[in-house]
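What follows is calculated from the coordinates using simple rules that are stated; it is not laboratory data. Keep in mind it's a predicted model, so treat the numbers as computed, not measured. In this analysis, Cβ positions are derived from the backbone assuming ideal geometry, glycine residues included, and neighbour counts consider all displayed protein chains.
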């Protein structure tokens, strides 16, 4: 009961809190709308409506609130403003191009729907658009292999030239419309990147074959994109190998030219663009050119000559990573960094900074390049990531269920596991953050498209930042209007006074405060209950509040009654609204993606979802996403931690499941990875030892943990892991692992022996159960038989005694000399018995009811005949047996006198038990107790008033019954 009361009180408090919050939010919205004094500022405030009625058209003398919330407008309707004068622009969408999704060979596929729309949006209000994506079958692919051809890469070049055909065949299995190209790079030919000695400019190095290197160069397009695979092999083998002086290479210079030189490289517009960047060294970045006196920034333009050489190498600096990222997005490039293991971490960090890029590890002099390119391409086509070119005043969010049509709509831009024919829907939420100051920026265009594809959804924006009635020529724009005393322009129902005039109707001039001071003051207060003029933050001049100015020009009082300001909102980090929003009338209007009273709370859940892997649950299902950060739970005394609640410091095996496949594959050549031949995917450092040593103190200091994990064939193996080095971005972690050489495998079970033992045990146990049951049954039968014999012996003695007693009473009452009256009495008894045959059962039943009411006859005595009753039976037992006899069937006996006389022995026992043994003579009516059938059983019937004694017996017995009842 107490718990229920607590729950009810809690629900009441929560409801009250929500109600107060809703009322407070409504009042804040009303105050914000009412503070707007122009139509443009009203429409730029979310969910506000303007009334453009003039004073001459109103019949009400009360002041008119020009700008109110939509909720107030819907509630008051015509009482507030005439419908024709209401200005309320709604967000609208016009679909300009909407082709159905298709994937037909020989025709251009359609993978994005719709293709073009036009939106009319108000500031601060969200609008949702649905975009569909479907992967096309046999989509064209352009692959360009960009290779570092410094001297150290010569073995990789030779291997690539031999694998060209295999690479083409592997790609043609994925798409029949495939083209391939090839280019090479070294570095800028200038100190300190390359030696400028004359002999070094001719041949900077000697190859392993003993031949001199080719002259140095920065980048050369060796072969544009082509379908001739044999030509690719020849060009790779003929590509000149050169050398440079320092460690880094000029790879970013070459990559920029490959991306932007669309015509020279041969990129197709309707194709997936793939660049494979292969090197064994790091790269120069923007700013390194200053070491050679090159200070001109890279212009991100194509500068290739007729022979394919980069001509601006000594004129421009290396491009920055952000420039490469921007151009890769614009030209729909997918980049694969194929590098040796010792450079993998560096290029993983670079990959995170370039959209649409990934990293693979080259092994055995590019032996695995075919598998690497094929697998990376499959990852690209099996997933879709939505990107956009939204301007800064447009906020865009993406929501999707991906392939789970009944799942939760989550905020995400990427879906994985796609196949041809799958249709993915993205719900795009668009919001105008603020109205640009320049009206030219009110018209914008942006694209939303899958990364790496040229197809897109084009959106034309028209941002609604003003009112039509504010433009000359509109009926609501009237210069020198009568409502303004001819001294101002009526704009959307409000007077915009000429220079030197002010007031609601431009009735005041210069420093004139107005003739009617009291009316003037009334117009400067929201109601008569308020005593402060202009909310205490201004001066009332001619019925209009002139708000005070503060020492800081950025801090303003505004509003019809100076009731609002832009500096009194809550602060976070010493800044108003945390520096992530605007203070409007005491409330923070946060920037997109932020919320809360001080705009310090992220409004997205995407930062709480792991960026990769199959787990798409918020905070890994172990916490709540609050303000964009995971607040992890504590379950069963286990506290989770980490950015996505994926870590468990108190769980000894938290990474065991993640690492066991790699350990099992490398150490024992078993497990799922070994079956698929993917042991090379394990990047962890795994050492095999005889025994894994456990030292709790040292393990805790080194953050090492022990795992005991079951594997194939039921074998259990033990390994210890600890962080070795972090990968890029913290998502890919490299571990140092020690695995025991031997696994603990269970002994095989003898199935036949176990089955045989179970069968034999079942038979033996069943036999024992039957034997015990038989013994107990025999013992029980013997006891019952002995009890039966004893009762039978007692039953014979009882009958003999009762018969003798009844005969004795009958003989004593018989008188000699009256045998002549025998027949007459017999006939009289017969007649009396017939008259009273029905009365006896009712009497017996009445006595039985009384006995039951007293609880005496509560049990039934089973009738087994005269021989079953004992002479030692008590009054209650004998009479209860008699009652049970008469009521056994629940209905009246057909021949009650026969049943009664058949069991006359009971009445004899009752007589004996009641002490009614004395002789008693009296005249009475004949009693049917001694009928002919009873006389037959006693061999003869009494001759002299046989019923007198029996009646006395009955009377005495009735008295005994009453005693029993009492």
So for region 141-381, what percent of the C-alpha to C-alpha distances run longer than 32 Å?
12
At 20 °C and 1.002 mPa s, the Stokes-Einstein diffusion coefficient in µm²/s for region 144-268, with hydrodynamic radius from the Kirkwood sum on alpha carbon pairs, is 141
Please compute the modelled spin-label separation between residue 378 and residue 474, points set 7 Å along Cα→Cβ, answer in nm with one decimal.
6.1
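Full extension from residue 90 to residue 767: what is 0.36 nm times the residue separation minus their Cα-Cα distance, to one decimal in nm?
Details: separation 677, 0.36 × 677 = 243.72 nm, distance 8.85 nm.
Here the segment from residue 90 to residue 767 would lengthen by 234.9 nm.
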Highest mean first, what order results for 170-181, 32-43 on Cβ atoms within 10 Å?
32-43, 170-181
To the nearest 0.05, the calculated FRET efficiency linking residue 570 and residue 262 through their beta-carbon distance, R0 being 41 Å, is 0.20
How much length, in nm to one decimal, is gained on full extension between residue 433 and residue 100, taken as 0.36 nm per residue of separation minus their Cα-Cα distance?
116.7 nm
